[in-house]
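Only the coordinates and a few stated rules stand behind these numbers; no lab work does. Model, not experiment: these values are computed from the prediction. Cβ atoms come from the backbone with ideal geometry, glycine included; neighbour counts cover every protein chain shown.
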Amino acid sequence: MSKVYGNCPECGKPGVSRERRPNGNDVCENGHIYPSKTAILKAEPNLIPVDTERCQTIVQEYNPFRIGGPCHTAVQCLNKAVFVVTETTPNENGETGAMSLCAKCLLIFQEQIPNHATAYVKQTVEDWKSDQEKGLVKAG
């Protein structure tokens, strides 16, 4: 597959063919047909970078006295990041996700993800930063 044709705007898969005419169409690996001018020439990263300062867990906040809105809202945890967990298996784009966690959220993570020992690698934030500086891990 050539990167010359860019990626499909519908599914993000690489284009595999292009019509050789003005205002022609491209076809992606999944068979989607789209105008060549709408091809995505640079794929956007799908992963959110690791926040080494703050836990990245989304938690439910309950406020029964909130007027004019829902009582339950989803907010980012306010605790300091202590650990970084990294997936050991890349996704279909070859990316491995990572996120920072506080000590409390790490315990919940370990309860909810029973095979975390094989699916994720746990490091302290300092060790993760050190590995990143050495080029052993990507920022995402």
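Averaging over all projection directions, the Cα-based convex hull of the chain occupies 12.9 nm² in the image plane. Annotation for region 45-100: chymotrypsin sites (Phe, Trp or Tyr not before Pro) lying in DSSP loop with at most 14 further Cβ atoms inside 10 Å of their Cβ are F65. In this structure, the pairs whose alpha-carbon distance is over 27 Å, taken from K80/K122; K104/K129; K13/K104, are K13/K104.
Label-to-label distance, L107 versus T52, with points set 7 angstrom from Cα along the beta-carbon direction: 2.7 nm. Could you check the spin-label model distance between I67 and R21? Points 7 Å from the Cα along Cα→Cβ, value in nm. Using points 7 Å along Cα→Cβ, the separation is 6.5 nm. Across region 58-133, the relative contact order, built from alpha-carbon pairs under 8 Å that are at least six residues apart, equals 28 percent. Axis of helix 103-112 versus longest Cα principal axis of the chain: the two differ by about 60°, to the nearest ten degrees. Under a model in which nothing but the beta-carbon of Lys, Arg (+1) and Asp, Glu (-1) is charged, region 3-110 shows a dipole of about 260 debye around its Cα centre.
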